[in-house]
Amino acid sequence: MSHTVPHVVVVGAGFGGLQAVRAMDTLPVRITLIDRHNYHLFQPLLYQVATAGLAAEDIAYPVRKILRQQRNADFYMTEVTGINTKTRFVQTVTGDMSYDYLILAVGGKTNFFGMESVAQHSVGLKTLQDAINARNQILRMFELAAKELDIAQRRAMLTFVIVGGGPTGVESAGALSELIRLVLKKDYPHMDFRDVRILLLEGCDRLLAGMPEPLSEVTAHILMKKKVEVRFGSLVPDFNGETISLKSGEKIAARTLIWAAGIQAEAVVNTLGVKQAWLGRVVVNSTLQLAEYPDIFVIGDAAEVEGQPLPMIAPVAIQQAAVVADNIKRSLEGEKLQPFVYKDVGALATIGRNAAVARWHRWQFHGFFAWILWLFIHLIRIVGFRNRLLVLMNWAWDYWFYDRAVRLIIPK
Ligand SMILES: Cc1cc2nc3c(=O)[nH]c(=O)nc-3n(C[C@H](O)[C@H](O)[C@H](O)COP(=O)(O)OP(=O)(O)OC[C@H]3O[C@@H](n4cnc5c(N)ncnc54)[C@H](O)[C@@H]3O)c2cc1C
């Protein structure tokens, strides 16, 4: 690989970063993709790892394998700690690296909105480790409850509270209900399942705020049929590991709080010293560049295009990646850069077996067809044929046998 061609450093092997690297495969550049992990993670299915439906390795794929065929790209596993915009260096825990163009696709991290006690005692759902921790916690509570004689303690162990009524909270609540009522009920034949409670707490007055209102209502209705207690206007300011305190003053005795209430931009973008919007997202111009440093592009969850606040979803990151790759090509050829315009691809969320809600342009639907669409779209978006096959086999097995393949408590 020649070192005289421009060096493009891409930070983040998530949806945006990976797509950007792939889209630059014919460009006369040297690409270094950096990530703290050596895998690309399919975050939309994290909740299925948390609820024992899939194994961690089913939804993660080695970056080096993805890049094997790409001659102009290399991978570097390290943690980026800062960006020196003046000297054009990416600072990492293992040394600095210079760039000619930088694409920051670092995504987000769980946002506890500064609530230390919640951050300390709850489980998030953003990383693979989070999902494994959540699965361990859920299954461990059942093991403890099976031996617990004190009824109040047992009920607290069997009370599972999910905070956040967005897609992650909704999907987690539906999957947890099915894990408990369809699978664990058979594993613990001597347990009284009337002690089990699943609560989904949402701060606003409806679930899936990004969906049309009728679909929010359908979602709440389906969850309630699955014995999930859906509560609106419920804000959680404190959790000490045994009691969840709501802003209303109500206390809920519970050992498990799954936090699905927010994401904020990764902290490394703070080192850019540029304008940031709500949730710490870096403000970029329509061509996805920083106004002050046109050699730096920021995309995906970490970015907010000026005047176009878009949701933190994979299609935004993927579409922006294509535009950035094209803009780097245009920049190399001395052409005018093109602006990013988001093409709405709709929204989908599943609530469990045969149940999902979907919006596509002005159409909205729910039920079995929406569920099949959800399965299909998620399956084709998973990277790697082997992973696709594993996920499909797991889904088929769980569907036909009312089972969950990965009911393992694996210590950290
Ligand atoms: C539980 C969950 C469910 C979701 N479900 C859906 C869904 O159903 N549909 C949908 O469209 N979207 C969904 N999303 C959102 C979607 O995953 C994100 O919008 C998308 O991943 C954003 O892509 P990105 O490239 O910006 O960042 P990411 O895909 O998050 O990738 C960021 C990458 O950067 C790396 N990184 C970050 N900081 C550093 C650093 N300092 N040094 C080195 N590496 C670093 C990370 O390790 C990561 O690999 C979900 C998200 C979550 C958490």
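How high is the relative contact order of the stretch 223-302, in percent, counting Cα pairs under 8 Å that sit 6 or more residues apart? Relative contact order for the stretch 223-302 comes out at 15 percent.
Take the alpha carbon atoms of the stretch 273-298, find their center, do the same for the stretch 32-108, and report the distance between the two centers in whole angstrom. After rounding, the separation between the Cα centres reads 20 Å. Comparing mean-square fluctuations of Asp35, Asp205, Asp301 from a GNM of the chain with C-alpha springs under 10 Å, the top value falls on Asp205.
Do the sum for the chain: with -39,500 (n - 2.57) for every DSSP H run of n ≥ 4, divided by all residues, what is the mean residue ellipticity at 222 nm, to the nearest 500 deg cm²/dmol? Mean residue ellipticity, 222 nm, calculated: -9500 deg cm²/dmol. Taking the DSSP bridge list for the stretch 189-333 and keeping only pairs wholly inside it, about 55 percent are antiparallel. Using just the C-alpha positions of the stretch 313-412 as equal point scatterers, what log10 of I(q)/I(0) does the Debye formula give at each q in 0.11, 0.19 1/Å? Debye output, listed in q order: -0.54, -1.02.
Charged side chains reduced to their Cβ positions (Lys and Arg at +1, Asp and Glu at -1) give the stretch 269-412 a dipole of some 580 debye around its Cα centre. Each DSSP beta bridge with both residues in the chain is either parallel or antiparallel, and the antiparallel ones are about 50%. Compute the relative contact order of the chain as a whole-number percentage, counting only Cα pairs closer than 8 Å that sit 6 or more residues apart in sequence. After rounding, I find 20 percent.
Once Rg and the Kirkwood radius are both taken over the C-alpha atoms of the stretch 267-332, their ratio Rg/Rh works out to 0.94.
Peptides 334-347, 272-285, 310-323, 65-78 ranked from most to least packed give 310-323, 272-285, 65-78, 334-347, packing being the mean of other C-beta atoms within 10 angstrom over each peptide's residues. Take every pair of alpha-carbon atoms less than 8 Å apart whose residues are at least six positions apart; their mean separation over the length of the stretch 3-125 yields a relative contact order of 31 percent. Along each principal axis, taking the top coordinate minus the bottom one, the Cα set of the chain gives 71, 45, 43 Å in descending order.
Where the alpha-carbon atoms of the stretch 192-297 are placed on the principal axes, they occupy 61, 36, 25 Å, in descending order.
For the stretch 67-145, applying the loop criterion from DSSP together with a ceiling of 15 other beta carbons within 10 Å to the GluC sites (Glu not before Pro) yields Glu79. For the stretch 222-325, the set of GluC sites (Glu not before Pro) satisfying both a DSSP loop assignment and a count of at most 14 other C-beta atoms within 10 Å is given as Glu242, Glu250, Glu292, Glu306.
Each reported figure results from applying straightforward, stated rules to the coordinates on display, with no laboratory input. Small disclaimer: the values here were computed from a predicted structure and weren't measured. Cβ: placed from backbone, ideal geometry, glycine included. Neighbour counts: every protein chain shown.
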